[in-house]
Each structure stands twice: as structure tokens, then as C-alpha cells.
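J.: Following this message is one structure expressed as C-alpha cells.
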Amino acid sequence: MALTQKSKRKLRQNIVGYLYISPVLIGILIFTLLPIVYSFVCSFYKMERGPFSFNFNRYGNFVGLKNYTDMFTVITERKDFLQSLKVTFTYAVIQIPLTLVLSFFLAVLLNQKVKGMRVFRTLYYLPVIMPAVCTGLLWSRITDPNFGVVNELLGKIGLPAFGWFAKAETSMVSLILVSLFGIGGNMVLWLAQLKNVPQSVYESARLDGAGAFRRMFRITIPLCTPMILYNVIMSIIGVLQTYAQVETLCGAGVDNSLYFFVHNVYHAFNNNNFGYACALSFVLFLIIGLLTMVTLRTGKWVYYGEEG
């Protein structure tokens, strides 16, 4: 069947479009999809690091699910695995709600129509553009138990020095406090959502006698639920992969008090146990995927506007 002039023009446009996006598609294929598939296959092999090759038997032997079962059956691997899960989820359970709440109320404050507010928004967002490694190095200096600025200030006002990352019992609290340095990222998202709340709704509520507290919980928060869902999902994905900032701050911490899941992956890879490291990576991928799916499935509380 011969193509019409209109169909030919549309086909030509599609070909041109795919040619424009082909560098991105090729990049995703080579640098994302192929490594994912390759590492998934590697997770079923007992293999060491070696040159990239599709001949897996050249560097190791096929062991099936052994790399996965070793996390629960081998004493040393099980200890590290459980410790990394404990640290990662403890941090996530505290850090995610705390960051969401504080960044939301910060956004509410910065959403006021006050002269010079843009300057404060910029200052709060600046830490977000700093690389995690730089942030970790900066805070490692600030929180140094002997020469840090914070402990020096505490001493000048007569308060005892804080242990920060030099003590296992204060490491998690210190990391949570340091993580608040980057709440500007969520703050910007909240600001965008707050700008989309119709002012006419607030005006109607004021005419009905609704106070600030009632407007917050009956209008602002319900209309921000799509952003709450988005921030929760993105926070889960990000927090469960915490590594760079912690590594530059204090490594795995005193007595592995900050031994995150990605620390476990890195140490397996560093010990030349490439197959086991790949298996750990896919377990983390599965955990993140399940938590994301559960969050989406329980998202009936999200308000997307009037239907129809």
C-alpha cells in the first residue's frame, strides 16, 4: 500500500526526531542498560574484577543464587548485611520525615511576600549545588572534636564539647544534623507547589473566618499532597543510597555505627568479590523498588484536583 504525502511527511519527521535523540538513547543503552544487565549476570557468578568480557567463566564460576544466600548464611556477610540494613533504615526513618517537615515549613516562611525574600531563598538553596564529597569534607572540619568550629563555640559559652563523629553513640545524630544542611532542595520543590495553590481558595477561606492554622491543614497541606508523595519517593531513593557524604565525613564511623548499605557494596567490590557486590546492589534495587511501589499503592490520600 503506497504511503500518502501526509504519511511520508510524518515518517520523515519521526526519522529526524529519532536522529536527534539517538545520542541520548545510545548513551542510555551503553552506559546504563548494558551495565545493569551485565552486573545482574555477574551476581550469579563467583568472580573477581577483570577486563570487561561476556565470557564470565574466564574470571569466575557460576554459583547460582549463592551470592544472594551468603548474605543470610555466612556469618561475616550476614553480620555486615544486617548492620548495613539497620543503619540505613534507622537513618531513613528519622531523616526523611524530619527533612520533609522542616523543608515544608521553611518553604512556607520563604513564600511570604516580603522584600528581600529571594536572597534568603538563594542562600538556603546554595548548599544543594555543592557536591556531596565537598560537603562531607567541609563538615568533617567543622565538626572535628578537637579543632572544629562548633565545639570551639560551645566551649566559649561554657557548654561541653560534642562527640560528633568521634563517638559511636553520637554519630547518627550528627549525620542527621549535617544532612539538614541540604534541605534547600526540597524547599524549592515545596515553593513551586505552594505557588500553584490558587489564592482565590485562601480568600474564600478568610471570608468564611478560617484562621491561619485551619487554612494550613485544610487547604495548603491537602493541595500539596502530590508534592508530598513525590518528595517521599525521591527521598527514599536518595537516602537508601547514602554513601559519598558519609564516607568523606568519617568512613563507616566508629564501630561501624554509620555502616550504610552502599558501604557494604563498596567493601565487597574493594575486596575483589565482584559477584557478591553485584548481588548486594540488586538487593538494594529490589528494596528501593518495593518501598516505592508500596508508597505509590498507598497514595490514595493524594489530592489531584477535581475530576471531570
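J.: Being open to solvent by less than 70 Å² (accessible area, probe 1.4 Å), of a type in the set (Phe, Trp, Tyr) and part of a helix (DSSP H, G or I) is true for just one of PHE81, PHE72. Which residue is that?
T.: Every option except PHE81 fails the conditions.
J.: Only one of (1) in a helix (DSSP H, G or I); (2) in contact with a strand residue (DSSP E or B) (Cβ under 9 Å, 6 or more places away or on another chain); (3) open to solvent by 90 Å² or more (accessible area, probe 1.4 Å); (4) not aliphatic (A, V, I, L, M) fails for ASN61. Which number is that?
T.: (1)
J.: Would you mind finding the one in ARG206, ARG118, ARG141, ARG214 that is under 21 Å from GLY251 (Cβ atoms), exposed (fewer than 14 other Cβ atoms within 10 Å of the Cβ) and among the basic types (Lys, Arg)?
T.: ARG141
J.: Are there any helices (runs of 4 or more DSSP H) wholly within the stretch 219-273 with 1 or more residues that are in contact with an Asp or Glu (Cβ under 6 Å, 6 or more places away or on another chain), and if so which? Can you show your working first?
T.: Working: elements: 225-239, 244-250, 261-270.
Of the helices (runs of 4 or more DSSP H) lying wholly inside the stretch 219-273, those with at least 1 residues that are in contact with an Asp or Glu (Cβ under 6 Å, 6 or more places away or on another chain) span 261-270.
J.: Give just the number: which of (1) touching a residue at least 40 places away in the same chain (Cβ under 8 Å); (2) open to solvent by less than 90 Å² (accessible area, probe 1.4 Å); (3) over 25 Å from the mean Cα position of the chain (by Cα) does PHE181 not satisfy?
T.: For PHE181, the exception is condition (3).
J.: Which one of TYR304, TYR276 is modelled with pLDDT under 95 and not in a helix (DSSP H, G or I)?
T.: TYR304
J.: Okay, next question. Return the only residue of VAL197, VAL246 being hydrophobic (A, V, I, L, M, F, W, C), open to solvent by less than 40 Å² (accessible area, probe 1.4 Å) and modelled with pLDDT under 85.
T.: VAL197
J.: Is there any pair with a first residue in the stretch 44-71 that is modelled with pLDDT under 85 and a second that is in a helix (DSSP H, G or I) and of a type in the set (Gly, Ala, Ser) whose Cβ atoms are under 7 Å apart and which are 6 or more apart or on different chains, and what are they?
T.: MET47/GLY275; GLY60/GLY275
J.: Which helices (runs of 4 or more DSSP H) does the stretch 116-209 wholly contain that include 1 or more residues that are touching a Gly at 6+ places or on another chain (Cβ under 9 Å) and charged (D, E, K, R)?
T.: Details: elements: 117-125, 132-142, 149-156, 168-179, 184-195, 199-207.
Per the criteria, 117-125, 132-142, 168-179.
J.: Given ILE237, ILE287, ILE233, which one is under 30 Å from ARG141 (Cβ atoms) and in contact (Cβ under 8 Å) with a residue 24 or more places away in the chain?
T.: On inspection, the qualifying residue turns out to be ILE237.
J.: Does LEU102 qualify as being under 28 Å from the mean Cα position of the chain (by Cα), open to solvent by 50 Å² or more (accessible area, probe 1.4 Å) and within 30 Å of THR220 (Cβ to Cβ)?
T.: yes
J.: Oh, and also: Quick check: anything in the stretch 126-134 modelled with pLDDT of 85 or more and either in contact with a Leu (Cβ under 6 Å, 6 or more places away or on another chain) or polar (S, T, N, Q) (or both)?
T.: no
J.: Could you figure out which of (1) within 21 Å of THR242 (Cβ to Cβ); (2) hydroxyl-bearing (Ser, Thr, Tyr); (3) open to solvent by 60 Å² or more (accessible area, probe 1.4 Å) isn't true of TYR124?
T.: Unmet condition: (1).
J.: Any residue at all in the stretch 220-230 that is open to solvent by 20 Å² or more (accessible area, probe 1.4 Å), more than 30 Å from PRO145 (Cα to Cα), without any contact (Cβ under 8 Å) to a residue 60 or more places away in the chain and under 13 Å from the mean Cα position of the chain (by Cα)?
T.: yes
J.: Restricting the search to the stretch 125-167, which residues are under 15 Å from VAL178 (Cα atoms) and charged (D, E, K, R)?
T.: Once the filter is applied, which keeps residues that are under 15 Å from VAL178 (Cα atoms) and charged (D, E, K, R), the stretch 125-167 yields ARG141, ASP144.
J.: Restricting to the stretch 263-283, count the residues that are open to solvent by 20 Å² or more (accessible area, probe 1.4 Å) and free of Cβ contacts under 8 Å to residues at least 60 places away in the same chain.
T.: Within the stretch 263-283, residues that are open to solvent by 20 Å² or more (accessible area, probe 1.4 Å) and free of Cβ contacts under 8 Å to residues at least 60 places away in the same chain number 4.
The values are calculated or read from the model by the stated rules, or taken from the named source; none is laboratory data. Everything numeric in this text was worked out from a predicted model, so none of it was measured. In this analysis, Cβ positions are derived from the backbone assuming ideal geometry, glycine residues included, and neighbour counts consider all displayed protein chains. The area values use the complete protein model at the heavy-atom level, side chains included, leaving out ligands, DNA and RNA. Shrake-Rupley method; radii C 1.70, N 1.55, O 1.52, S 1.80 Å.
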